[in-house]
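Q: Please find one structure pasted underneath; my questions will follow.
The values are calculated or read from the model by the stated rules, or taken from the named source; none is laboratory data. The shown structure was predicted, so the numbers you read here are calculated from the model rather than taken from an experiment. As a convention, Cβ positions derive from the backbone with ideal geometry for all residues, glycine included, and neighbour counts pool all protein chains shown.
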Amino acid sequence: MRIIILGGDGYLGWPTAMHFAAAGHQVWAVDNYLRRKVALETDSEALIPTPNLAERARFFRERTNQEIAVDIFDCNDFHRMSELFERVRPDAVVHYAEQPSAPYSMRGFDEARLTLANNIGVTFNLIWAVLRHAPQCHIIKLGTMGEYGTPNIDIEEGWIEIEHKGRRDKFLYPRAAGSLYHTTKVLDTDLLWFYVRLYGLRVTDLMQGPVYGLETDQSRIDERLLPNFHYDDIFGTAVNRFLVQAVAGVPLTVYGKGGQTRGYLNIRDTLQCVDLAVSNPVPAGELRVLNQFTELFSVNELAARVREAGDALGLDVQVRNLPNPRKEKEEHYYNAQSTGLQELGLKPHAMTREVLSDMLKTVMRHKALIETGRIMPRVRWN
Ligand code: USQ
């Protein structure tokens, strides 16, 4: 297949590009280095310095003899997007090209504006590039479990049937996101659903939980192929942060009471899920929503697991409950369905002590690079 990866330099975009190239597909990776720029501006750079996208593609080719074509431009530039889709006429596009940090989107006006304009603008341009040049192309959009928020009823897989005054109908499951970033993903879903209904696009919207991990079949070939591993308060996700904190000897930063529950998944499972979505396209005029996570944990449970794995390596891990910088429920009901990807064939990798221990060992090798000033939360929701 001919596959475009938008956001191909990102934590997930780069491993996805390598995964599809290794599987024999023709891959184009597009990025404008927005995350690198924001990371530099906010002193939030990744733990292990990563080569730029063109260099990564070159190292990958040298090590595997497989090609990833690289295009550096801003997907908010419709003419560049349009030109790319006209040239490539892809069978599938995987859309990661969004400002992905909830804390960054809550930092102030400029950051909120950038997040809104970038995320909605890129989705809109993608839709039009597909309509104009590749109307059969399957759009695989990375959404987030955070679109649903933490409702006091079960979270269904995208859709809910409602009976109202004796009549029934099916709707998108109600959304109530907890940050502006997560809200842009809600807006993306609505935009895609509109164009699916009226223009017959084919779309899979993946509601993904926080991802952890570094190792994939390709990144293990050469350390220069590793994904960007962030542990700062802006781009770092909970598990990756806790692992670095354990190695740095900083007490694990549990926000508030720590009862916040989310659906987590290993980066290997992100690749499996995206592959399953690409390999099983939906018919024209369908919006398929899949909840993409493999295990539910509260923040307290995550901290306990990292502590156990760290202590087994002799790290003496402490846990500290900090005043919560976010506005979110700290104790709540959470029961989310996720059967769609398993039905397509997902074989989950659990968050075992061995998995955490392997990650801790990688972080320990780079301990000297940890900047502890990047660990404490610097952005408050209000
Ligand atoms: N948390 C802590 N301590 C920390 C960091 C986070 O207690 O040091 C808590 C947060 O308050 C939250 C939970 O852990 O309750 C998850 O936070 P996170 O930073 O791991 O994840 P989040 O900000 O929700 O965003 C991340 C990615 C985002 C993706 C999302 C999936 O940055 O791109 O969409 O995970 S989800 O959370 O399901 O919406």
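Q: Suppose the filter is within 16 Å of the ligand (Cβ to nearest atom), among the β-branched types (Val, Ile, Thr), within 30 Å of Tyr334 (Cα to Cα) and within 23 Å of the chain's Cα centre (by Cα); does Thr42 pass it?
A: No; evaluated as a whole, the condition is false for this residue.
Q: Now for a separate question. Can you report the number of residues in region 135-158 which are more than 27 Å from Ala284 (Cα to Cα), more than 15 Å from the ligand (Cβ to nearest atom) and not aliphatic (A, V, I, L, M)?
A: Qualifying residue count, region 135-158: 2.
Q: Which pairs have Cβ atoms under 7 Å, sit 6 or more apart or on different chains, and link a residue in region 237-251 that is under 17 Å from Val355 (Cβ atoms) and in a helix (DSSP H, G or I) to one that is near the ligand (Cβ under 10 Å from one of its atoms) and aliphatic (A, V, I, L, M)?
A: From region 237-251, the pairs are Ala238/Val299; Ala238/Leu302; Val239/Leu302; Phe242/Leu252; Phe242/Leu302; Phe242/Ala303; Ala246/Leu252.
Let's see how each residue does on (1) closer than 30 Å to Val379 by Cβ; (2) free of Cβ contacts under 8 Å to residues at least 40 places away in the same chain; (3) among the hydrophobic types (A, V, I, L, M, F, W, C):
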| position | (1), (2), (3) |
| --- | --- |
| Ala69 | no, no, yes |
| Arg87 | no, yes, no |
| Val93 | no, no, yes |
| Trp128 | no, no, yes |
| Pro135 | no, no, no |
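Q: Being away from the ligand (no atom under 13 Å from the Cβ), under 30 Å from Arg365 (Cα atoms) and either out of contact with any helix residue (DSSP H, G or I) (no Cβ under 6 Å at 6 or more places or on another chain) or touching a residue at least 12 places away in the same chain (Cβ under 8 Å) (or both): is that true of Glu161 here?
A: On the way: away from the ligand (no atom under 13 Å from the Cβ): yes; under 30 Å from Arg365 (Cα atoms): no; either out of contact with any helix residue (DSSP H, G or I) (no Cβ under 6 Å at 6 or more places or on another chain) or touching a residue at least 12 places away in the same chain (Cβ under 8 Å) (or both): yes.
Criteria not met by Glu161.
Q: Report, ordered by the first and then the second residue, all pairs with beta carbons closer than 7 Å, sequence separation of six or more or different chains, a first member in region 23-41 that is among the hydroxyl-bearing types (Ser, Thr, Tyr), and a second member that is in a loop (DSSP other than H, G, I, E, B) and modelled with pLDDT of 95 or more.
A: These pairs meet every condition: Tyr33/Asp9.
Q: Ok, one more. Testing Ala177 on (1) touching a residue at least 40 places away in the same chain (Cβ under 8 Å); (2) touching a helix residue (DSSP H, G or I) at 6+ places or on another chain (Cβ under 9 Å); (3) not hydroxyl-bearing (Ser, Thr, Tyr), one condition comes back false. Which one is that?
A: (1)
Q: Among what's in region 336-373 and is of a type in the set (S, T, N, Q) and either in a helix (DSSP H, G or I) or touching a strand residue (DSSP E or B) at 6+ places or on another chain (Cβ under 7 Å) (or both), pick the residue that is nearest to the ligand (Cβ to nearest atom).
A: Ser338
Q: List, please: which pairs have Cβ atoms under 8 Å, are six or more places apart or on different chains, and start with a residue in region 294-320 that is on the phi > 0 side of the Ramachandran plot and end with one that is part of a loop (DSSP other than H, G, I, E, B) and exposed (fewer than 15 other Cβ atoms within 10 Å of the Cβ)?
A: As it stands, the answer is Asp316/Gly249, since those pairs meet every condition given.
Q: A further question follows. When you scan region 308-335, how many residues do you find that are in a helix (DSSP H, G or I) and surrounded by fewer than 19 Cβ atoms within 10 Å (Cβ to Cβ)?
A: If we filter region 308-335 for residues that are in a helix (DSSP H, G or I), which is where we start, we get 308-312.
Adding the requirement that they be surrounded by fewer than 19 Cβ atoms within 10 Å (Cβ to Cβ) leaves 308, 311-312.
Result for region 308-335: 3.
Q: Answer with yes or no whether Gly263 is within 13 Å of the ligand (Cβ to nearest atom), among the small types (Gly, Ala, Ser), outside any loop (DSSP other than H, G, I, E, B) and within 30 Å of Ala92 (Cβ to Cβ).
A: Numbers: within 13 Å of the ligand (Cβ to nearest atom): yes; among the small types (Gly, Ala, Ser): yes; outside any loop (DSSP other than H, G, I, E, B): yes; within 30 Å of Ala92 (Cβ to Cβ): yes.
Against the criterion (within 13 Å of the ligand (Cβ to nearest atom), among the small types (Gly, Ala, Ser), outside any loop (DSSP other than H, G, I, E, B) and within 30 Å of Ala92 (Cβ to Cβ)), Gly263 qualifies.
Q: Here is a follow-up. Testing Glu223 on (1) more than 20 Å from Gly143 (Cα to Cα); (2) without any contact (Cβ under 8 Å) to a residue 60 or more places away in the chain, one condition comes back false. Which one is that?
A: If we test Glu223 against (1) more than 20 Å from Gly143 (Cα to Cα); (2) without any contact (Cβ under 8 Å) to a residue 60 or more places away in the chain, just (2) comes out false.
Q: Would you pick out the residues in region 164-221 that are part of a loop (DSSP other than H, G, I, E, B), among the charged types (D, E, K, R) and within 16 Å of the ligand (Cβ to nearest atom)?
A: Residues of region 164-221 part of a loop (DSSP other than H, G, I, E, B): 165-166, 173-179, 200-201, 209-210, 213-218.
If we keep only those that are among the charged types (D, E, K, R) as well, we get 165, 175, 215, 217.
Within region 164-221, just Arg175 meets the criteria.
Q: Related question: Given the options Arg61, Arg80, Arg107, Arg132, name the one that is over 26 Å from Leu226 (Cα atoms) and exposed (fewer than 15 other Cβ atoms within 10 Å of the Cβ).
A: That would be Arg132, the only listed residue that is over 26 Å from Leu226 (Cα atoms) and exposed (fewer than 15 other Cβ atoms within 10 Å of the Cβ).
Q: Taking the residues in region 1-44 that are small (Gly, Ala, Ser) and part of a helix (DSSP H, G or I) as candidates, determine which candidate is surrounded by the fewest Cβ atoms within 10 Å (Cβ to Cβ).
A: As a first pass, look at region 1-44 and keep what is small (Gly, Ala, Ser): 7-8, 10, 13, 17, 21-24, 29, 39, 44.
With part of a helix (DSSP H, G or I) added as a condition, the list becomes 13, 17, 21-22, 39.
Details: Gly13: 26, Ala17: 33, Ala21: 23, Ala22: 17, Ala39: 21.
Going through the qualifying residues, I end up with Ala22.
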